[in-house]
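The values are calculated or read from the model by the stated rules, or taken from the named source; none is laboratory data. If you're wondering where the values come from, they're calculated on a predicted model, not measured in any experiment. In this analysis, Cβ positions are derived from the backbone assuming ideal geometry, glycine residues included, and neighbour counts consider all displayed protein chains. Surface accessibility is based on the protein's heavy atoms, side chains included, excluding ligands, DNA and RNA. Shrake-Rupley method; radii C 1.70, N 1.55, O 1.52, S 1.80 Å.
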Amino acid sequence: MLKGKTALVTGSTSGIGLGIAKALARQGANIVLNGFGDVDGPRAEVLAAGEAAGAQVAYHGADMSRVADIEDMMKYSASQFGRVDILINNAGIQHVANVENFPVERWDSIIAINLTSAFHTSRLALPAMKSANWGRIINVASVHGLVGSAQKSAYVAAKHGIVGLTKVTALENATTGVTCNAICPGWVLTPLVQKQVDAKAAEHGISNEEAKKLLLGEKEPSMQFTTPEELGELAAFFCSPAANNVRGVAWNMDGGWAAQ
């Protein structure tokens, strides 16, 4: 379905981003990975997922808090594969503290990486998308783009901002072949969430499995983690012809969290 298209997925060396990269590679898209840590392992996984469809994989290590890095990554992606047809804004970090105790530098980092980076990638990708009259911008928000949780002020503010940016981008391009939508997952067992599980296990002196159930029971009625694979398939749907007129939505995949 996506043969000949190029997808840039930020924060894609693990977790949700890697799941989306593999799903799009299976549809034939060339993938530009981005993120920290091990690169060879994720690259091999994406290549294997896209092998039958002939997908190619490149990597750029942009620090998503740095505008110059983002600009370089966008130029690199275009030089590798022609242009960015599909932009997945997924990079994100987290910090937990009450507002009055929230470290200012952590607030700035979370807003920069979780929100501002998506503005920069979008502004740089849109001209080529509009010229081709086809493009997909998919912003990975969170159920926290729809509801709040205590001690997550920066994250919730950034994710609400991403949902707002999604709507504006969709409206500005409503008469073109360029769409913009947001995905709002609930709990996904990424390294970010595993840290919260570990902390809960330590706090209550319980096993990791019991801590997972406690975490899910607080918010997610389905008592199931959403998987990166499920989110990848939703992203692939947004890129399909069936989603040509899906514009500006914040699609929650959260086991009923926001329905309460």
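Assorted remarks:
- Scanning segment 181-204 for residues that are under 30 Å from residue 136 (Cβ atoms) and open to solvent by less than 10 Å² (accessible area, probe 1.4 Å) turns up 181, 182, 183, 184, 185, 188.
- Complete set of residues in segment 205-218 that are of a type in the set (Lys, Arg) and either open to solvent by 60 Å² or more (accessible area, probe 1.4 Å) or outside any helix (DSSP H, G or I) (or both): 213
- The condition (being without any contact (Cβ under 8 Å) to a residue 40 or more places away in the chain and farther than 21 Å from residue 131 by Cβ) is satisfied by just one residue among 68, 97, 91: 68.
- When segment 110-149 is filtered for residues that are of a type in the set (Ser, Thr, Tyr) and open to solvent by 20 Å² or more (accessible area, probe 1.4 Å), the ones remaining, listed by number, are 116, 131, 149.
- Among the conditions (1) buried (at least 18 other Cβ atoms within 10 Å of the Cβ); (2) over 24 Å from residue 185 (Cα atoms), residue 13 misses just one, which is (2).
- For residue 94, the criteria (1) at pLDDT 95 or above; (2) part of a loop (DSSP other than H, G, I, E, B); (3) under 18 Å from the mean Cα position of the chain (by Cα); (4) not aromatic (Phe, Trp, Tyr) hold in every case but one, which is (1).
- Lone qualifier among 232, 255 - being assigned to a helix (DSSP H, G or I), small (Gly, Ala, Ser), surrounded by 20 or more Cβ atoms within 10 Å (Cβ to Cβ) and modelled with pLDDT of 95 or more: 232
So that you can scan it fast, the table gives a plain yes or no per residue for (1) out of contact with any Phe, Trp or Tyr (no Cβ under 7 Å at 6 or more places or on another chain); (2) over 22 Å from residue 179 (Cα atoms):
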| position | (1), (2) |
| --- | --- |
| 33 | no, no |
| 39 | no, yes |
| 72 | yes, yes |
| 103 | yes, yes |
| 109 | yes, yes |
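- Verdict on residue 54 being touching a residue at least 40 places away in the same chain (Cβ under 8 Å), in contact with a Pro (Cβ under 8 Å, 6 or more places away or on another chain) and either of a type outside the set (D, E, K, R) or not in a loop (DSSP other than H, G, I, E, B) (or both): no
- Pair list, Cβ under 8 Å, 6 or more apart: segment 190-204 residue closer than 16 Å to residue 11 by Cβ and free of Cβ contacts under 8 Å to residues at least 60 places away in the same chain, other residue among the aliphatic types (A, V, I, L, M) and in a helix (DSSP H, G or I): 193/215
A quick yes/no check of all residues on (1) open to solvent by 30 Å² or more (accessible area, probe 1.4 Å); (2) among the hydroxyl-bearing types (Ser, Thr, Tyr); (3) under 30 Å from residue 108 (Cα atoms); (4) in contact with a helix residue (DSSP H, G or I) (Cβ under 9 Å, 6 or more places away or on another chain):
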position	(1), (2), (3), (4)
38	yes, no, yes, no
45	yes, no, no, yes
55	no, no, no, yes
70	no, no, yes, yes
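- Set 158, 202: member being under 16 Å from residue 94 (Cα atoms), of a type in the set (Gly, Ala, Ser) and not in a strand (DSSP E or B): 158
- So residue 192, is it farther than 22 Å from residue 225 by Cβ and in a helix (DSSP H, G or I): no
- Only residues that are open to solvent by 20 Å² or more (accessible area, probe 1.4 Å) and aliphatic (A, V, I, L, M) were counted in segment 75-109, giving 5.
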